[in-house]
Structures are given as C-alpha cells and as structure tokens.
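Participant: Below: one structure in structure tokens.
Please treat every number below as a calculation from the coordinates, not as lab data. In this text, all values refer to a predicted model and were calculated from it rather than measured experimentally. Ideal geometry is used to build each Cβ from the backbone, glycine not excepted, and the neighbour counts take in all protein chains shown.
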Amino acid sequence: VRALDDVSLKIGQGEFVAVRGPSGSGKSTLLMLVGGLGRPTHGRVIVGGKKVSAASAAELADYRATIVGFVFQMFHLLPYLTVLENVLAAAPSGQPAAGVERAKQLLEQCGLAERVKHYPGELSAGERQRVAIARAMINNPQLILADEPTGNLDRPSGEEVLKLLAEFNRAGGTVLLVTHQQWAADFAGRTLRLEAGRIVEN
C-alpha cells in the first residue's frame, strides 16, 4: 500500500493546520512520519531544521521527548495513575519539583485543577482528552500532533479540547490536526485534504 504518494508540503512555525480526508487516505501516516514514529521509504521529513527521517533511534527519542507533543483519539492514559501522575509521566526527570508545578499549572489551564488526584476511570471522555493535552504540553513542545482528538467526544467537549490547542497555537506553537469533522477543521488557519495518499486540496 502506498500510504502517501508524492506528498510535498511545508508548514510554517506557528501555523495551525488541519488535515482532512476519508479513512485510508494517509492522514495518520503523515502524522506518524512527522512525529518520528516511522520512516518514509522515499523522501525526507524535516522539522525545525532537524532531518527526522534520517535521525538515529536515540535522536528520535530525544526529538519526541522535547520537540513534539502527541494527542491521540483514544487518550492513552495509564489507568492506575492519577491525573497528575499521567501528566508527569511525560515530564523530564531532572527537576521533579518544577515538573509537578508545571503539571498543576497545565491542569488548571485545562480546567482540571479539582481533578488532579482522580484516576482516568473517574473522568468523562472530554476530561480525559484534556489530561492528554496537558501531558502533551508538559515539555513545552514546539509542535503538537493531534490525531482525531475529538473523534470520541461530543461537540461541546470537542470544542473545549480544540480551544486548548488554539491557545497553544496563539502562544506560538505549531499544531497539525487530523480530523474528519469540518467544525474541528474550522479552528485551523489552513486545511489540507488527502485522498488516496495525495494532497488534493491545500
């Protein structure tokens, strides 16, 4: 399967870009390659001057830990950790006190200050996704990759999640959002459309 076929694009620092298209069009593959979770069979992926597609395993681990934040449709929270502990699981280990303080600040920004000691199973779907966004932001990433972050949410909850991504973008961060939903794509400044692995609209 040629998941992406002769795709070429540039995303500027500080942009909020949505990627739309039918299932199987290559949207998640695009995010996976930009996030350093896979390598293209041909071509290059360059993020912030770093040749992600040619990086070593150690360099990719550092890239994912410091440059990129991931938000997934299924949240991927650890059920046996509290909300605060889930966010801290992605924090650098060098300054634990500073990490706790930043995690609490992020959770407050996400409207979860009263939920820090709760477990994921005690939260609504929208609250769990906001925890996932706090976790994605804990390392001050330059880029957030969001793969269908509103796919399991009702529209009001989804809009709350997208407002958090928009705030990150207004503060200078770059967002690449994969979505099936037009109302979600409306939060972005630019929309790409993929079909059969090709960009058909930009």
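Participant: Hey, if you put +1 on the Cβ of every Lys and Arg and -1 on every Asp and Glu Cβ in the chain, which of Asn169, Ala184, His76 ends up farthest toward the positive end of that dipole?
Facilitator: Sorting the options by dipole projection puts first Asn169.
Participant: So, one more: Local charge sum around Ser23 (other residues, Cβ-Cβ under 15 Å, Lys/Arg +1, Asp/Glu -1)?
Facilitator: Here the charged neighbours net out to 0.
Participant: Please list, or write none, the aspartates and glutamates whose alpha carbon is within less than 12 Å of the alpha carbon of Lys50, excluding same-chain residues fewer than 8 places away.
Facilitator: Glu59, Asp62
Participant: Take the alpha carbon atoms of the range 91-151, find their radius of gyration, then divide it by 2.2 N^0.38 Å using N residues; give the quotient.
Facilitator: Rg over 2.2 N^0.38 Å, computed on Cα atoms: 1.14.
Participant: I would also like to ask the following. Divide, for the range 32-86, the radius of gyration over alpha carbons by 2.2 N^0.38 Å, where N is the residue count.
Facilitator: Ratio of Rg to 2.2 N^0.38 Å for the range 32-86: 1.36.
Participant: Another question about this same structure. Under a no-solvent Debye model with one identical scatterer per Cα of the chain, what's log10 I(q)/I(0) at q = 0.10, 0.11, 0.17 Å⁻¹?
Facilitator: Here the Debye-derived log intensity ratios amount to -0.41, -0.50, -1.17.
Participant: Which value does Rg/Rh take for the range 77-121 over its C-alpha atoms, Rh per Kirkwood? It would help to have the intermediate numbers written out before the result.
Facilitator: Details: Rg = 10.0 Å, Rh = 10.5 Å.
Reported Rg/Rh, Kirkwood definition of Rh: 0.95.
Participant: Give, to the nearest whole percent, the P(r) tail of the range 64-173 beyond 19 angstrom, counting all Cα pairs.
Facilitator: The proportion of pairs with Cα distances above 19 Å equals 37 percent.
Participant: Please work out the FRET efficiency for the pair Ala54 and Lys163, using the Cβ-Cβ distance as r and a Förster radius of 35 Å; give the result to the nearest 0.05.
Facilitator: 0.45
Participant: How much FRET efficiency would the formula 1/(1 + (r/R0)^6) give for Asn140 and Asp186, where r is the Cβ-Cβ distance and R0 is 30 Å, rounded to 0.05?
Facilitator: 0.65
Participant: Give me the number: length gained by fully extending Ala171 to Gln13, i.e. 0.36 nm times residue separation minus the C-alpha to C-alpha distance, one decimal in nm.
Facilitator: Values: separation 158, 0.36 × 158 = 56.88 nm, distance 1.14 nm.
The Ala171-Gln13 span can extend by a further 55.7 nm.
Participant: Within a Cβ distance under 15 Å of Ser56, other residues only, what is the Lys/Arg minus Asp/Glu net charge?
Facilitator: Net local charge, Ser56 excluded: +2.
Participant: Here is a further query. Under a crude label model (7 Å from the Cα following the beta-carbon direction), how far is Asp6 from Ser23 in nanometres?
Facilitator: Each label point is offset 7 Å from its Cα along the Cβ direction, giving 2.8 nm.
Participant: Grab every C-alpha pair in the range 159-202, bin the distances at 10 angstrom width from 0 up to the longest one, and report whole percents.
Facilitator: Spelled out per bin, shortest first, that is 25, 53, 21, 2.
Participant: Can you give the Rg to Rh ratio of the range 1-112, both from alpha-carbon atoms, with Rh computed by the Kirkwood formula?
Facilitator: Reported Rg/Rh, Kirkwood definition of Rh: 1.01.
Participant: Same structure again: Compute the angle between helix 57-66 and the longest alpha-carbon principal axis of the chain, please, reported from 0 to 90 degrees and rounded to the nearest 10.
Facilitator: Between the helix axis and the principal axis of the chain, the angle is about 60 degrees.
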